1. Which of rounded, prolate, oblate describes the stretch 60-180, given a ≥ b ≥ c as roots of the alpha-carbon gyration tensor eigenvalues and a/c under 1.5 marking rounded, otherwise prolate only if a/b is larger than b/c?
2. Relative contact order for the stretch 145-284: what percent, with Cα pairs under 8 Å and sequence separation of 6 or more?
3. Within the chain, what whole-number % of the accessible surface is contributed by carbon and sulfur, with the 1.4 Å probe and all protein chains included in the calculation?
4. Using only helices, what value at 222 nm comes out for the chain when you add -39,500 (n - 2.57) per DSSP H run of length 4 or more and divide by the total residues, to the nearest 500 deg cm²/dmol?
5. I need the semi-axes of the equivalent ellipsoid of the chain: take the C-alpha gyration tensor, multiply each eigenvalue by 5, square-root it, list largest first in whole angstrom.
6. When ranked by the protection proxy of mean other Cβ atoms within 10 Å per residue, highest first, what sequence do the peptides 203-213, 31-41 form?
7. What percent does the relative contact order of the chain come to when contacts are Cα pairs within less than 8 Å and at least six residues apart?
8. What shape does the stretch 148-199 take by its C-alpha gyration tensor, where a ≥ b ≥ c are the square roots of the eigenvalues and a/c under 1.5 counts as rounded, a/b above b/c as prolate, and the rest as oblate?
Amino acid sequence: MSDDWITVRIAARRRLAEDVVGLSLAPVDGAVLPPFTAGAHVDLELPGGVVRQYSLCNAPGAPDRYELGVLLDRQGRGGSRAVHEALAEGQAVRISAPRNLFALQQAEHIVLMAGGIGITPILAMAEQLSCEGASFELHYFVRSAERAAFVDRLGEARFAGRWQLHVGERIPPSFDAAPTLGTPQPGHRLYICGPNGFMDFVLDRARAGGWAEDRLHSERFAAPPPSAEGDRPFELEIEGRGLIVPVAAGQSAAAALAAAGISIPLSCEQGICGTCLTTVAAGIPDHRDAYLSDQEKAANDCFTPCCSRAATPRLVIQL
Ligand code: FES
């Protein structure tokens, strides 16, 4: 969660598609919004102190507004519902400065794939790549035309000839991702964002088709549902404090720390944002997040207490 909140005003709010609302956030009191790069997101503070992350979807650079697109998730934890039901035009809200965990890297050609509301960071990427004169193509998958946000903007974009809308194409099991993924080339990269099922399917197909792991880039909006199966209790030792905190099966490490009076920064609470990342001095974590790379997980020198556990009876952590 951000320590340095920025107060902005909801300058415009409009319906972008079925269940998708767009917010345009403007600075107040002559402030200047920090610049950002494609793939960045901000934390948005919602009524009740709930904080959620939303990608910035406008053209990157030094903007006078931040544009967000938010899908109503009726089965979600309530963040998108609060955006849809409690935020109004003219209202002041607090956001963090942009952070980018999904930045574009140099490539000879980039394939952008978006599923549903996953279009938000992908749209900013298309804007940035177009501005840089880079080679790219964008594929946007939606269940129905009514659910396709930003189509007007895409139609008017300077990259109008480089994107394709795929309406109603079933994802797994009948969707054939191969023509969209093409034949992997050493200089190509794939960036994908969307629902977990869509991303897992496409990434599996990409790997099977020969795409190298370091050429695949993805960002998830929600972690796969956690499985508590096989969860065991473990201990957290706080290095230098002589304090040992027991973590029960079915209790998160973050919750156990909070129960012991130790609060750590939290935001997504599902292993996506990295806000709670904590240094591990000894012991082996049982990583369950979608934030750390496989390489970072293998190093076992940090973990995300909001969702990850321990593979050893005790973890020694630094706070
Ligand atoms: Fe987001 Fe832990 S709070 S990864």
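The values are calculated or read from the model by the stated rules, or taken from the named source; none is laboratory data. Just so you know, these numbers come straight off a predicted model, no measurement behind them. Positions of Cβ are backbone-derived with ideal geometry, glycine not excepted, and every protein chain shown enters the neighbour counts. Keep in mind that these areas ignore ligands, DNA and RNA; they rest on the heavy atoms of the full protein, side chains included. Shrake-Rupley method; radii C 1.70, N 1.55, O 1.52, S 1.80 Å.
1. Numbers: a/c = 1.90, a/b = 1.21, b/c = 1.57.
Here the stretch 60-180 falls in the oblate category.
2. It comes to 14 percent, rounded to a whole number.
3. 48 percent
4. -5000 deg cm²/dmol
5. Output for the chain: semi-axes of 34, 25, 18 Å.
6. The packing order, highest mean first, is 31-41, 203-213.
7. Over the chain, the number comes to 14 percent.
8. Oblate shape, in that a/c is at least 1.5 and b/c is the bigger or equal ratio.
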